[in-house]
1. Quick one: compute the contact order of region 16-279, relative version, from alpha carbon pairs under 8 angstrom and 6+ residues apart, as a percent.
2. Assign one of three labels to region 147-292, namely rounded, prolate or oblate, based on the Cα gyration tensor with a ≥ b ≥ c the square roots of its eigenvalues; rounded applies when a/c is under 1.5, prolate when it is not and a/b is larger than b/c, and oblate otherwise.
3. Out of residues 5 or more away from residue 220 or on other chains, whose amide H comes under 5 Å of its own, with H placed 1.01 Å from N in the peptide plane?
4. Once you've got the GNM for the chain with C-alpha springs shorter than 10 Å, pick whichever of 133, 259, 100 has the biggest mean-square fluctuation.
5. Mind checking which of 115, 29, 219 is farthest towards the positive end of region 16-279's charge dipole, using Cβ charges of +1 (Lys, Arg) and -1 (Asp, Glu) about the Cα centre?
6. With each pseudo-label sitting 7 Å past Cα toward Cβ, what's the residue 55-residue 129 distance in nm, one decimal?
7. 222 nm [θ] for the chain, helices only, -39500 (n - 2.57) per DSSP H run of 4+, per residue, to 500?
8. How far apart, in nm, are the 7 Å Cα→Cβ label points at residue 248 and residue 136?
Amino acid sequence: MRDFSADHRWLSINTATVRRQRGQDWNLLQILDACAARCIRAVSPWRDQVHAAGLDAVARTIRAHGLELSGYCRGGMFTYGDAAGRDAARDDNRRALDEACLLGAPCLVLVVGGLPGALTGRPAHQDIARARAQVAEGIAALLDDARERRLPLAIEPLHPMYAADRACVNTLEQALDLCDALDPGRSGALGVAVDAYHVWWDPKLQAQIGRAGRERLLAFHVCDWLLPTTDLLEDRGMMGDGVIDLRQLRGWVEATGFAGYAEVEIFSRANWWQRDGGEVLDTCIERFGTCV
């Protein structure tokens, strides 16, 4: 396993980690500047932040700083209530692929969607099997576009508490079953993103990481699970503040041959988003060396 204690060469910052700092209006360009100033080599930007700052301006800033990307957040949300919703999702995902290509991302991370309409509190139905079938259909339709652009798709399974509204793919096993069904030849076009927050609890996790192998394991995200967790979406912990054995998990990931970035992704409305952005980044660097 790689030694992260000496430097943070393999640290990436998911830009959601410093997206809403109290009293500090950092746009994405400023986040990129702050990362570069700390010799953070990679980022994973969110599409809404890219759109707010301007796609071309973000691409120029990434190149100017010599930054790499560990992924692009996000595509997906494939489930739909009617044909117009299906077509809109497909068009949006093609745009996401084009943006990821322009920025030089190694993969487009997919949060696949839950029951259509559930995010707004009005689910169209209660048939989660139907939603999962639509996810498979949507990924299959997007695969040709991904192959054409030579940009892999990374399915990110989300914790089961998000099954209704955000992602009806909730275990690494489910995600890999989709990969095997849609890309049986392991072409490199389809794989998974392993996010510690979402999968740490899974008793099959080690075996499924091994099943993924280097070909399927496209991204690795870290943060921590707090006790107690006070918000289902925006109360993730800084590494070392919770109950996840991140070193063990990274060992399983690296045993596959994965040698990419460990991407810090923290949504923390009541804690880390209330702090100075520089303090958050500095803490990420410190905990990367001691806890990841």
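Any read-out appearing in this document is the output of simple, stated calculations on the displayed coordinates, not a laboratory observation. All values derive from a computational prediction rather than experimental measurement. FYI the Cβ positions are ideal-geometry reconstructions off the backbone, even for glycines, and counts take in every protein chain you see.
1. Once normalised by length, the contact order is 18 percent.
2. Prolate.
3. Sorted by chain and number, the residues that satisfy this are 194, 263.
4. Comparing 133, 259, 100 in the GNM, the peak value goes to 133.
5. Ranked along the dipole, the leading option is 29.
6. 3.9 nm
7. -13000 deg cm²/dmol
8. So the label points at residue 248 and residue 136 sit 3.3 nm apart.
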